[in-house]
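The values are calculated or read from the model by the stated rules, or taken from the named source; none is laboratory data. Predicted model, so just to flag it, every value in this text is computed and none were measured. In this analysis, Cβ positions are derived from the backbone assuming ideal geometry, glycine residues included, and neighbour counts consider all displayed protein chains. The protein model used for the area step is the full one, side chains on, heavy atoms only, and it has no ligands, DNA or RNA in it. Shrake-Rupley method; radii C 1.70, N 1.55, O 1.52, S 1.80 Å.
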Protein chains: 4
Amino acid sequence: MKDSAVLLISCPDRKGLVARVATMLYERGANILHADQHQDHGLGLFFMRVEWALNGHAEGETDADSSPETASFDLEEFRSAFAPLAAELEMRWKLSHSARRPKVALFCSQYLHCMADLLHRWRTGELLCEIPLIISNHKDVANLAEFYGIPFEYVPVTAATRVEVEAHHLELLESHGIELVVLARYMQILSPNFITHFPASIINVHHSFLPAFTGAKPYHAAHARGVKLIGATSHYVTEVLDDGPIIEQDVARISHRDQVEDLVARGRDLERMVLSRAVRWHLDRRILCYGNKTVVFD
Amino acid sequence: MKDSAVLLISCPDRKGLVARVATMLYERGANILHADQHQDHGLGLFFMRVEWALNGHAEGETDADSSPETASFDLEEFRSAFAPLAAELEMRWKLSHSARRPKVALFCSQYLHCMADLLHRWRTGELLCEIPLIISNHKDVANLAEFYGIPFEYVPVTAATRVEVEAHHLELLESHGIELVVLARYMQILSPNFITHFPASIINVHHSFLPAFTGAKPYHAAHARGVKLIGATSHYVTEVLDDGPIIEQDVARISHRDQVEDLVARGRDLERMVLSRAVRWHLDRRILCYGNKTVVFD
Amino acid sequence: MKDSAVLLISCPDRKGLVARVATMLYERGANILHADQHQDHGLGLFFMRVEWALNGHAEGETDADSSPETASFDLEEFRSAFAPLAAELEMRWKLSHSARRPKVALFCSQYLHCMADLLHRWRTGELLCEIPLIISNHKDVANLAEFYGIPFEYVPVTAATRVEVEAHHLELLESHGIELVVLARYMQILSPNFITHFPASIINVHHSFLPAFTGAKPYHAAHARGVKLIGATSHYVTEVLDDGPIIEQDVARISHRDQVEDLVARGRDLERMVLSRAVRWHLDRRILCYGNKTVVFD
Amino acid sequence: MKDSAVLLISCPDRKGLVARVATMLYERGANILHADQHQDHGLGLFFMRVEWALNGHAEGETDADSSPETASFDLEEFRSAFAPLAAELEMRWKLSHSARRPKVALFCSQYLHCMADLLHRWRTGELLCEIPLIISNHKDVANLAEFYGIPFEYVPVTAATRVEVEAHHLELLESHGIELVVLARYMQILSPNFITHFPASIINVHHSFLPAFTGAKPYHAAHARGVKLIGATSHYVTEVLDDGPIIEQDVARISHRDQVEDLVARGRDLERMVLSRAVRWHLDRRILCYGNKTVVFD
């Protein structure tokens, strides 16, 4: 079982950032497992992800290898010590214990391929999170939720009830302590109010290669345009529809032989892939947002 | 050396089309090398490409195998006999002798990667055409044209001279009997008048995954949007900019590490690939246009 | 609901094959939905797949469009009439009613990602078959089988019991009328005797880009070799391990950052994709085997 | 014009490596442009690539931004200061000035697509090197070499002359101060003696997805096996044929329609891509070899 800490940083770029962070960890005997940096030279921004072992030795070493000085890393002491440095360097930062599993709510409508895929990956340990809640405006997901032992809330939506439905959603999410909302082909548009409750914490999958074919029925639009590749995009949700920071995209080749229903079928595989990757990377604390873009440390 | 005929057909779909065309060829002893059909069930259209040997035997057979009945196929007799059937069935059709090499003009501006790629492929026999003319509004291509022994016309363009320049272009193209115009990163917009002279016979490469990022500086736009894949598109030119029938598209994965100049560099490879494929397929008579789409028989 | 017939043909290549088959269908008023041919010029072989509507009109037309002459196609009359032609032309051929769903048995061991994927696709109508039987040498699949309402046979295997286990397998398959066996990461090697009962009717997924990394632990071997792409392969099972006709392959890019466990995780997605495509194409009667290769009509 | 230093390091993994290297650079006021690390936890190895500006300010800044403290970085002082640390930490390391262009020799035989591609990329500034020498056992490349103004040595080879030819090659390479040899479809096998003169400095392209289809005629072998994807591989040459550390691989989808000559044609594009990427990454000092593998920092 991996027991590590992950520190995510974004700040104005300046000299010595890597040296100062790395030295601070070194002084505490941290065993760095992964470190990655990125600079946006145009904007003058610096991004960093560093992950280190909490039990004092690297993955792959057995306990027999551990020597007296590889005592456990004191995460809270580091947090306290790091805060002043972060303030001085104008950092936005997040320090996480990788063993703690974020609480995730899954939303869907009638199409269940992404939902079924996410649940299977979660069951087999590919997605390290808790899933205390599934919400849908359709009942189709009920059996699947039951199979995986996850509470399911059926919340139908009409134009007339949209406001109260969202209020109910927010109550549900708050009461379960939800940290990440995943829209697994949830076909309702969220209000700006809802979105502000989860900044960079709502992941959606759109069934096109954004920014092409925003809005409804993108496979129909792709077929009508005669494109030779179709795509899918996972992104964080912002107030502008289909415009949030892109996390992942993938495409598949099609030909004149493919009708709209073939595009839909092939697209399902793309949607599963790009959505599950985005969720996994988010859970693994690999993603940093800035402006309308993402840095994904792989 | 391949010596074959290619028949391209598009017409309203009805029963018996394959049977009637195939029987007509069979009665004349044609040895079919490739046959492909497609139906657009939505529009009720039928498309066919059939290629057969003109010397009476299939590829791969040696002359020693040829028996008395495998005499040469009389292409002109077939043309005459096919015309009434085509009229009856409301066909648009084109019958070509594959040994005849279409005359192609290449246009470019200052970027030469597509031009150099097309010329190398042509020299090595991958593109079966004649190239009697290269036109550019920059002089950079002169050495390359000379190396390949192709006449080069330097025709600078300004806003004031656009109309007369196009008239000069058309004279040059007509005097050389040009059948296909390839815009190998030619950065000038063609007038509707010019385009009507070459229906479905001008191939352009656009450096984005259309319909995303039409217009100028698509790599800058892709970088600003934060996409995770960039693309390139080859298409026939119509009066609407970047909107003609798409022939081929391809994409490459990028990451946050890639700056605009990296996108430009990776994009060059995509542009070369999608443009050269489109030209090859056109020359091999594999493409049928309908509406704003293409059928590409592979 | 699609109601169509599919005719698959392979035979020595000769002139007039398309004409004779197409004419025979035309004379019976068949409305051809898809037709595809292929010739292997080296081996002198011809392959054809033709699909036509059984209710007399093409997909997409409504009943209101149907005119008196679009009566139902008599499939058994055609079968009788076609047999002498097929004999004369030395055809191997198979005529199927696409509404008839083949009976498929799924085998697995402890890894369930392919199994879960196939079952979800089957439930949502992507795989048109019956699945009356799941067999495993592990009990892990029991819950999944129950969720989908499919009888599950737990048949443990040891070196000592291999022969009797296979006899038991064959009894189970025969009693359920199984026509296709899908090895969804079933980690036992089948005997030649078992394989001869299902010629070109056992589909396996191997977790490498064959012919690289045959045998056990291909992801470990790929990691050790330092490849930059990993792959997966679906193929028909023959007596030689990992050597049968390849149906589909796909790859994913990896880097030096990926450890063996990352390869395993990424590979799961590849395995799902290539196995499910192979099963769908088989069920759609799109695959013809010859020698050690496949023709897949898309 | 980029003026930067690149430091490549590989050493036994231990705590504080990043901190110590980064601090050393920070103390000298280095402005880090890119930094990347990798750890092989299984082997206990650490790899690092760090690139910093030599003129004291980051790319994108104009001279007007430079303040008094952004004086030029003293690369030779750093080299001297770094050497004792490197020795203490058992590092293999290489410090390069990116403005210095390595001297590269290109080898080819009769196929010129890779050669033409590399030369075009070099001319347009994509490959930052000098190319003082082209060697071939065929004369076909002479025109191309002349066009690009590069001295060409025609050195025919026979079984009888192999030893003396290689001695001649080595003389030529030494007299030109060649640091990297690129085999752009050079179809002769190099002797172990030759290879030892250029450790991790001979890049070859093999026209298959290694380790599948080593040796001669891999496209024929791929066609015979019936694979659904073909590939190409660029790698460093070692004494074992087609077995050196892989730098890059790519694949293209094929179908039953593709004959061997189609595979050859499609493969040419793959070969160009994987070879040119490998050469560019080598020239950009992005590659570290260890065991039989590469780390490629992108």
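Here are some notes:
- Chain C residue with Cβ closest to the axis mapping C onto D, distance in whole Å: C:Ala212, 2
- Occluded residues from the stretch B:24-55, i.e. those whose accessible area drops by 30 Å² or more once the chain is not alone (1.4 Å probe): B:Tyr26, B:Ile32, B:Leu33, B:Ala35, B:Asp36, B:Gln37, B:His38, B:Gln39, B:His41
- Taking all protein chains together and rolling a 1.4 Å probe, B:Cys289 ends up with roughly 30 Å² accessible.
- Normalised size of the stretch A:177-286, defined as Cα radius of gyration per 2.2 N^0.38 Å with N residues, equals 1.08.
- Inter-part distance where the stretch C:244-298 and the stretch C:78-150 are each reduced to a Cα centre, Å: 17
- Estimated dipole of the protein assembly as shown in Debye, rounded to 20 [Cβ of Lys and Arg +1, of Asp and Glu -1, Cα centre]: 0
- Note on B:His256: accessible area approximately 20 square angstrom, rounded to 10, probe 1.4 Å, nucleic acids and ligands left out.
- The per residue volume of the convex hull around the alpha-carbon atoms of chain C is 158 Å³.
- Cα-centred dipole magnitude for the stretch D:232-298, charges only on beta-carbon of K, R (+1) and D, E (-1), debye, nearest 20: 260
- Nearest 10 degrees, 0 to 90: helix A:260-283 Cα axis against chain A principal axis: 20
- Sorted shortest first, the separations between the B:Pro156 label point and its copies elsewhere in the assembly read 5.1, 7.3, 8.8 nm; each point sits 7 Å from Cα along the Cα-to-Cβ line.
- Complex-versus-alone comparison for the stretch B:76-125, residues with a loss of 50 Å² or more in accessible area, probe 1.4 Å: B:His120
- The long axis of helix D:113-123 is offset from the longest Cα principal axis of chain D by roughly 30 degrees.
- Charge dipole (Cα centre; +1 on Lys/Arg Cβ, -1 on Asp/Glu Cβ; no other charges) of chain D amounts to roughly 900 debye.
- Summing charges over neighbours of A:Asp243, with a neighbour being any other residue whose Cβ is under 13 Å away from its Cβ, gives 0 when K and R count +1 and D and E count -1.
- Rg/Rh for the stretch A:111-229 (Cα atoms only, Rh after Kirkwood) is 0.98.
- Estimated at the nearest 10 Å², the accessible area of D:Lys228 is 20 Å² with a 1.4 Å probe.
- Heavy-atom accessible area buried between chains B and C is around 2000 Å² (1.4 Å probe, both sides summed).
- Teacher prompt: D:Ser72 distances to equivalent labels in other copies, 7 Å Cα→Cβ, nm: 5.4, 7.4, 9.1
- Surface/4 estimate of mean projected area, convex hull on alpha-carbon atoms of the stretch B:106-178, nm²: 4.8
- At 1.567 mPa s and 4 °C, Stokes D of the stretch A:139-196 from Kirkwood alpha-carbon radius, µm² per second: 102
- Near D:Ile189: Cβ cut-off under 12 Å, other residues only, Lys/Arg at +1 and Asp/Glu at -1. The net charge is -2.
- Semi-axis lengths, Å, the protein assembly as shown, gyration tensor of Cα atoms, sqrt of 5 times eigenvalues: 48, 41, 32
- Label distances, nm, B:Glu130 versus same residue in remaining copies, Cβ-directed 7 Å point: 4.6, 6.6, 7.8
- Amide H contacts of A:Ile247 (H built 1.01 Å from N, under 5 Å, at least 5 apart or other chain): A:Ser234, A:His235, A:Tyr236
- Within a straight-line Cα-Cα reach of under 21 Å, A:Lys293 can be paired with the following lysines, leaving aside sequence neighbours fewer than 8 residues apart in one chain: A:Lys94, B:Lys217, B:Lys228.
- Long-range Cα-Cα pairs in the stretch C:9-55 (distance over 15 Å), rounded percent: 45
- When the Cα atoms of the stretch C:227-298 are aligned to their principal axes, the ranges along those axes come out at 40, 25, 15 Å in descending order.
- The average projected area of the stretch A:170-222, computed from the convex hull of its Cα atoms over all directions, is 4.1 nm².
- Computed helical MRE - 222 nm, the protein assembly as shown, DSSP H runs ≥ 4 contributing -39500 (n - 2.57), nearest 500: -9500 deg cm²/dmol
- Estimated FRET transfer efficiency (A:Met187, A:Ala142; beta-carbon r; R0 22 Å; 0.05): 0.80
- The candidates A:His235, A:His197, arranged from most to least accessible area with a 1.4 Å probe in the full protein assembly, appear as A:His197, A:His235.
- Per-peptide average of other Cβ atoms within 10 Å, ordering A:16-28, A:265-277, C:161-173 highest first: A:265-277, A:16-28, C:161-173
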